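Undergrad: Have a look at this one.
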Amino acid sequence: MDPDRPTAEAVAWRQGRIVAVGTATDVLSHDIDGEILDAEGGTVTPGLIDSHTHPTWGAELSRGADLQGVHSFDQVLEVLRRQADVVRTRGEQWVFAWNLDYAALGDRQIRGEDLADSVYGMPAVVMFHDVHTAVATPAALAHARINGSEQFVDNSAVVCDAAGRPTGELREASAYNLLYDAAPPLTRNDHIAHVDRVLKEFASTGITGGVIMDGTLATLELLNEMEAVGTLPVRLDVALWHAPDRDDAGVSSLIEQLAAGGRRWKTGLIKLFLDGVIETGTAWLYEPDTCGDSDRSYWPDRQRFAEVVERYASAGFQIATHAIGDRAVGEVLDVYESVGVLAKNGAPHRIEHIETLTDGDLSRFQQLGIIASMQPLQMQWRHEDLSDRWSARLGPTRASRAYRTRDLIDSGVPLALGSDWPVVPFDPRIGMAWARLRRRPGDLSAQPFEPAQAIDAHEALHGYTAGAAQALGDHSRGIISEGRRADLTCFRGDPITASADELVELPILATYLDGECSYREEAR
């Protein structure tokens, strides 16, 4: 990704830093310590970086049965019954599942009582794929003492029926956390083991770095504890999560963590939410959705949001704001413009997701130079006939302005790509393929969504390498050149010349952090 030297035959490093790039003859003429590795005709790229992910929180939420690929309500009940049988065999009391597609409900409302029989009446909680909505059985609601009277500072909600009784639908984290806080927690050892397994799986797909978008003080303690007994297989930038109910003292407590870090992790970002998601009507749109929803901010006090952003930015943090709806995007641009668009590390502030975007705000992105951090892979939940909840709630006009990656790049807007795992798979090969194809890889009969917004192979790789590093203001990564970190991904083949459909199956030979191997393909 070095524009002055787009390709080279060999690269060498010493003490974690690249010392030579060029022809094999030139590189081998250097004094090299350690083994010489033959990529066997493969391709070494800058280490892949997932610009938006949740490996620590996701390890807590991705408990129990994975409902990925479950497309009907009957199948959901079958999977939950099997999971309940496993739970009863273990002598446990709660059933967990995650990754539920809204489409699997068909025309049904989200109701916990519809799941109760499949889990033998036990407490059960099922997380939807977007991690913005959960559904709980009556027994779970009773255990958590959720009765429908709950009020929240933000736009979270315990959904109730006409009689005021909770339906089991819990919208946004403040609501569903009441349930998870009442449920049996993962033990500390189990949580650490789960996070370690997830990060090792990241490395096996070529990921060398990730941006944690839900950091808490407990997250920092967890990472410190993990590094005390081993080495993280992925470099992590932690965005500390500020919820609307955090007061000034809470702001100060996060500011104190600006310089926190370890060998392979550090803070430096603040994550805020300005809206929810389109599927449940909690996004923020310039005009209400087709159901009359998505007409308000996640923050009830817009002035408080601006004050918080200004205080963190003045302290030196880079700001990353979740904004899915077009109005949310526009409001974030307003606030960034008012506080200054550059963080103290020199990187512009960021907007995460940007699922629908107006022409006017596209122009403002260009003028301000704000970073667009996006996850095109999330289009996997859409249907070609626009019958999915996302498309139906937006209507055809706003749906046609989805994930405008091509327009943003052509406007000169810096683009970083990521997954938002556990919302979608974290494999960057799948993420790059979706950015290039805008349809499911391998399904040659599928019609792409907004094909004019597709980006090319170089741009997709840039979004996971140089673009991702630039989005962090990190000049030590993203390009293979002398003096940079030896964070590298080695493919068995070329991710540029491979078709996007072939890319998802392109093996990863090895992954390196600071020149140390964090993953190596087993000998075939």
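Undergrad: Out of the strands (runs of 3 or more DSSP E) lying entirely within region 115-171, which hold 2 or more residues that are without any contact (Cβ under 8 Å) to a residue 24 or more places away in the chain?
TA: Answer list for region 115-171: 157-160.
Undergrad: Also: Exactly one condition in (1) aliphatic (A, V, I, L, M); (2) under 30 Å from residue 5 (Cβ atoms); (3) touching a Pro at 6+ places or on another chain (Cβ under 9 Å) is not met by residue 44; state its number.
TA: Exception for residue 44: condition (3).
Undergrad: For region 433-524, which fully contained helices (runs of 4 or more DSSP H) count at least 1 residues that are farther than 27 Å from residue 232 by Cα? Spell out how you get there, then give the answer.
TA: On the way: elements: 457-464, 466-471, 500-503.
Filter on region 433-524 gives 457-464, 500-503.
Undergrad: Output the residue which, of all residues in region 67-84 that are exposed (fewer than 13 other Cβ atoms within 10 Å of the Cβ) and out of contact with any Asp or Glu (no Cβ under 8 Å at 6 or more places or on another chain), is modelled with the lowest pLDDT.
TA: Among residues in region 67-84 that are exposed (fewer than 13 other Cβ atoms within 10 Å of the Cβ) and out of contact with any Asp or Glu (no Cβ under 8 Å at 6 or more places or on another chain), the one modelled with the lowest pLDDT is 69.
Undergrad: Let me ask something else. Considering only region 477-524, state which residues are open to solvent by less than 40 Å² (accessible area, probe 1.4 Å) and of a type in the set (S, T, N, Q).
TA: The answer is 481, 489, 511, 518.
Undergrad: Still on this structure, I have one more. Quick check: is even one residue across region 442-455 in contact (Cβ under 8 Å) with a residue 12 or more places away in the chain, in contact with a helix residue (DSSP H, G or I) (Cβ under 6 Å, 6 or more places away or on another chain), under 28 Å from residue 57 (Cα atoms) and not β-branched (Val, Ile, Thr)?
TA: Taking every residue of region 442-455 in turn, none turns out to be in contact (Cβ under 8 Å) with a residue 12 or more places away in the chain, in contact with a helix residue (DSSP H, G or I) (Cβ under 6 Å, 6 or more places away or on another chain), under 28 Å from residue 57 (Cα atoms) and not β-branched (Val, Ile, Thr).
Undergrad: Can you name the condition, by its number, that residue 99 falls short on among (1) modelled with pLDDT of 90 or more; (2) open to solvent by 60 Å² or more (accessible area, probe 1.4 Å)?
TA: Looking at each condition in turn, residue 99 falls short on (2).
Undergrad: Now, a different point. Within region 275-322, can you find the residues that are of a type in the set (A, V, I, L, M, F, W, C) and under 20 Å from residue 158 (Cβ atoms)?
TA: 277, 283, 291, 299
Undergrad: Let me ask you something else. Only one of 39, 24, 8, 12 is in contact (Cβ under 8 Å) with a residue 24 or more places away in the chain and over 21 Å from residue 203 (Cβ atoms); which?
TA: 8
Undergrad: Next question, about the same structure. So how many residues does region 174-216 have that are open to solvent by 10 Å² or more (accessible area, probe 1.4 Å), farther than 26 Å from residue 48 by Cβ, in a helix (DSSP H, G or I) and out of contact with any Phe, Trp or Tyr (no Cβ under 8 Å at 6 or more places or on another chain)?
TA: Of the residues in that region, 8 qualify.
Undergrad: Given the conditions (1) open to solvent by less than 20 Å² (accessible area, probe 1.4 Å); (2) touching a strand residue (DSSP E or B) at 6+ places or on another chain (Cβ under 6 Å); (3) closer than 21 Å to residue 235 by Cβ, and given that residue 414 satisfies all but one, which numbered condition is not satisfied?
TA: (1)
Undergrad: Sticking with this structure for a sec: Restricting to region 254-279, name every residue that is of a type in the set (A, V, I, L, M, F, W, C) and either within 22 Å of residue 226 (Cα to Cα) or surrounded by 19 or more Cβ atoms within 10 Å (Cβ to Cβ) (or both).
TA: The answer is 254, 258, 259, 260, 265, 269, 270, 272, 273, 274, 277, 278.
Undergrad: Then there's this: Kindly establish whether residue 13 is buried (at least 21 other Cβ atoms within 10 Å of the Cβ) and over 30 Å from the mean Cα position of the chain (by Cα).
TA: Yes, satisfied.
Undergrad: With out of contact with any Cys (no Cβ under 7 Å at 6 or more places or on another chain), part of a strand (DSSP E or B), of a type in the set (S, T, N, Q) and under 26 Å from residue 464 (Cβ atoms) as the only criterion, which of 219, 231, 267 stands out? Steps first, answer last, please.
TA: Details: 219 fails: part of a strand (DSSP E or B); 231 fails: part of a strand (DSSP E or B).
From the options 219, 231, 267, the qualifying one is 267.
Undergrad: Something else: Can we say residue 461 is modelled with pLDDT of 95 or more, of a type outside the set (Lys, Arg), touching a strand residue (DSSP E or B) at 6+ places or on another chain (Cβ under 6 Å) and under 14 Å from residue 44 (Cα atoms)?
TA: Numbers: modelled with pLDDT of 95 or more: yes; of a type outside the set (Lys, Arg): yes; touching a strand residue (DSSP E or B) at 6+ places or on another chain (Cβ under 6 Å): no; under 14 Å from residue 44 (Cα atoms): yes.
Judged against the criteria, residue 461 is not a match.
Undergrad: If you don't mind, there's one more thing I want to ask. Just give me the residues in region 16-55 being charged (D, E, K, R) and either loosely packed, with under 13 Cβ neighbours inside 10 Å or closer than 30 Å to residue 272 by Cα (or both), in sequence order.
TA: 31, 33, 35, 38, 40, 50
Undergrad: Looking only at region 383-397, count how many residues are at pLDDT 95 or above and either crowded, with 17+ Cβ neighbours inside 10 Å or under 16 Å from residue 419 (Cα atoms) (or both).
TA: Here the count works out to 5.
The values are calculated or read from the model by the stated rules, or taken from the named source; none is laboratory data. Predicted, not measured: the structure shown is a model, and the values here were computed from it. Cβ: placed from backbone, ideal geometry, glycine included. Neighbour counts: every protein chain shown. With ligands, DNA and RNA removed, areas are computed over all heavy atoms of the protein, side chains included. Shrake-Rupley method; radii C 1.70, N 1.55, O 1.52, S 1.80 Å.
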